[in-house]
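The next block holds one structure in the form of structure tokens; read it before the comments.
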Amino acid sequence: MDPLPHVIIFPFPAQGHVNSMLKLAHLLSLSNFDVTFLVTVDTHDRLLNHTDVLSRFGTGFHLQALPHGISMDGVNTRDGISMLYYSLNTIAKPFLREFIPNSSVTCLIVDGILSMAADVAEEINLPIIYFRTVSASSFWSYFCIPELIQAGELPLKENAKDLTLTKVKGMEDFLRGRDLPSFCQASDLTNPDFRIVMTDTRQTPRARGLILNTFEDLEGPILSQIRMVCLNVYTIGAVHAHLKAKLATKSTSSNSLWQEDESCMSWLDTQPPKSVIYVSFGSVAGLTKEELLEFWYGLVNSEQKFLWVMRPDLIIGHERKDEILVELEQGTKARGYMADWVPHEKVLAHRAIGGFLTHSGWNSTLESIVEGVPMICWPRFADQQVNSRFVGEVWKMGLDIKDTCDRDIIAISIRALMEKRNGEFSQRTEHMASLAKKAVNEGGSSYINLDRLIQDIRSMIPPHKHT
Ligand code: UDP
């Protein structure tokens, strides 16, 4: 009998990364792979507490915690990200050096912003494949940073945010300074977030391949650019839709790191079709109290129904959101519903949802596209600025209101999305949703690429392991 491939999958320890890489783990285990999924202690405990992660896989799945001391605390601050990378280098790297040789591993699938793991794989001659959990477009704009610097387009000059950039090939017609990933917009290019993402992205070609959670019909022109520098790209997305197709199910198990509040589903059940705008800023982005109030007034003044994910840590500097929420709740009882954390995929799939006010994280964007839900984009940081430009300007599936936070603009945009321009936005998003479904079903591009990935990893099993 042929030996089973064993892959170690190592995501960056944030919700969006863990979610999509766990979906890949599931897809591979359906093809009889043994999978070890490597996470921080905190993520390990959260997955055990809030998901069915152990029972959904067969015996070939192993959830492995890294040693203590690696934490996401404060990761949205300059010092926090440096601390995280310092601990990954000083704790995770030596751990991998010991752990991998004792685990009979075929291949390491590692988040493309963890190049320290690639160092270890190279030391011991183990094949490595990168998984970038962001869009192809934002990956490509990170990749082109050295060219932008060389052309003098970075750092961004005073008042140059609205000028189009010339050095991100394939985006010359529409990518402005303000659409670059937030890290690239810093005036100080020694910023650690910026250096890490730039250096790690540029190292991508050292891996045997690059997995992207996207599909050819969505990002084809940019993928052609990427393939000129990364020869082996596997587009297998949208991974959540891919998993649903393989399991022939309407919804997959949750990978939430927080408890999901299912009560919002009963509330949605009582609402008319396409009458509710869903509001979520993802798992990391925060709002100031002033921004929160602009969104709240904007939502109320739009006179639309809304479901708003109000994470307990959403409001920057307010560990307890309660004092603000008393005021909010009184104003929203008539039309709104708030929850700490929701079953996001199920919410977007609900017939009552007609639009999505989002921070444009890549998982949220894909989840919305797959359900054919148009978006208002209010990007906060990292790749979100690029994603929102594509939604607003390239795919025309909604409105990009980046760099504004004004109750009138928010209310007008919501009315446009839900009423006045709903037809045009919905038509384009629904068309892309049908292409997304085609991609992950038999014969589709993502389906074929996943098969190729599986065959390629199988072929990495050393000959002496075959009996
Ligand atoms: N999510 C969720 N429940 C919520 C809000 C978000 O399960 O109430 C999930 C969502 O499905 C997505 C992830 O959290 O997979 C957020 O990832 P994304 O890339 O959109 O943004 P990030 O959190 O990385 O900024």
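The values are calculated or read from the model by the stated rules, or taken from the named source; none is laboratory data. Bear in mind that the values here come from a model prediction, so they are computed numbers and not experimental data. Here Cβ is always computed from backbone atoms with ideal geometry, including for glycine, and neighbour counts include all displayed protein chains.
The table for this structure:
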item	result
Selection status of Ile448, free of Cβ contacts under 8 Å to residues at least 60 places away in the same chain and among the hydrophobic types (A, V, I, L, M, F, W, C)	yes
Residues located in segment 438-453, provided they are surrounded by fewer than 17 Cβ atoms within 10 Å (Cβ to Cβ) and within 25 Å of the chain's Cα centre (by Cα)	Lys438, Asn441, Glu442, Ile448, Asp451, Arg452
Near pairs, Cβ below 7 angstrom, 6+ apart or cross-chain, from segment 208-229 (free of Cβ contacts under 8 Å to residues at least 40 places away in the same chain) to any residue that is of a type in the set (A, V, I, L, M, F, W, C)	Arg227/Val233
Conditions (1) of a type outside the set (D, E, K, R); (2) modelled with pLDDT under 95; (3) in contact with a helix residue (DSSP H, G or I) (Cβ under 9 Å, 6 or more places away or on another chain): number failed by Leu223	(2)
Candidate set from segment 255-281 (those that are within 21 Å of Ala411 (Cα to Cα) and under 21 Å from the mean Cα position of the chain (by Cα)); member that is nearest to the ligand (Cβ to nearest atom)	Ser280
Within segment 12-37, tally of residues that are in contact with a strand residue (DSSP E or B) (Cβ under 9 Å, 6 or more places away or on another chain) and more than 17 Å from Ile457 (Cβ to Cβ)	6
Residues of segment 178-193 satisfying the condition of being modelled with pLDDT under 95 and not in a loop (DSSP other than H, G, I, E, B)	Ser182, Phe183, Cys184, Gln185, Pro192, Asp193
Those residues of segment 343-361 which are within 22 Å of Phe215 (Cα to Cα), touching a helix residue (DSSP H, G or I) at 6+ places or on another chain (Cβ under 6 Å) and hydrophobic (A, V, I, L, M, F, W, C), in sequence order	Leu348, Phe356
Arg415 being more than 23 Å from the chain's Cα centre (by Cα) and touching a residue at least 40 places away in the same chain (Cβ under 8 Å)	yes
Leading residue by the ranking (nearest to the ligand (Cβ to nearest atom)) among those in segment 368-394 that are within 26 Å of Ser251 (Cα to Cα) and surrounded by fewer than 23 Cβ atoms within 10 Å (Cβ to Cβ)	Glu371
Test result for Thr90, loosely packed, with under 14 Cβ neighbours inside 10 Å, away from the ligand (no atom under 16 Å from the Cβ), of a type in the set (Val, Ile, Thr) and within 25 Å of Leu247 (Cβ to Cβ)	no
Val386 being β-branched (Val, Ile, Thr), out of contact with any Lys or Arg (no Cβ under 8 Å at 6 or more places or on another chain) and part of a helix (DSSP H, G or I)	yes
Test set (1) hydroxyl-bearing (Ser, Thr, Tyr); (2) more than 13 Å from the ligand (Cβ to nearest atom); (3) surrounded by fewer than 17 Cβ atoms within 10 Å (Cβ to Cβ) - Thr235 fails condition number	(3)
Options Ile129, Ile113, Ile149: the member that is in a helix (DSSP H, G or I) and touching a residue at least 40 places away in the same chain (Cβ under 8 Å)	Ile149
Failed item, numbered, when Ser224 is tested on (1) surrounded by fewer than 23 Cβ atoms within 10 Å (Cβ to Cβ); (2) under 17 Å from the mean Cα position of the chain (by Cα); (3) of a type in the set (Gly, Ala, Ser); (4) part of a helix (DSSP H, G or I)	(2)
Scope segment 357-375; condition in contact with a strand residue (DSSP E or B) (Cβ under 7 Å, 6 or more places away or on another chain) and either in a loop (DSSP other than H, G, I, E, B) or within 17 Å of Gly286 (Cα to Cα) (or both); matching residues	Leu357, Thr358, Ser360, Ser364, Val373, Pro374
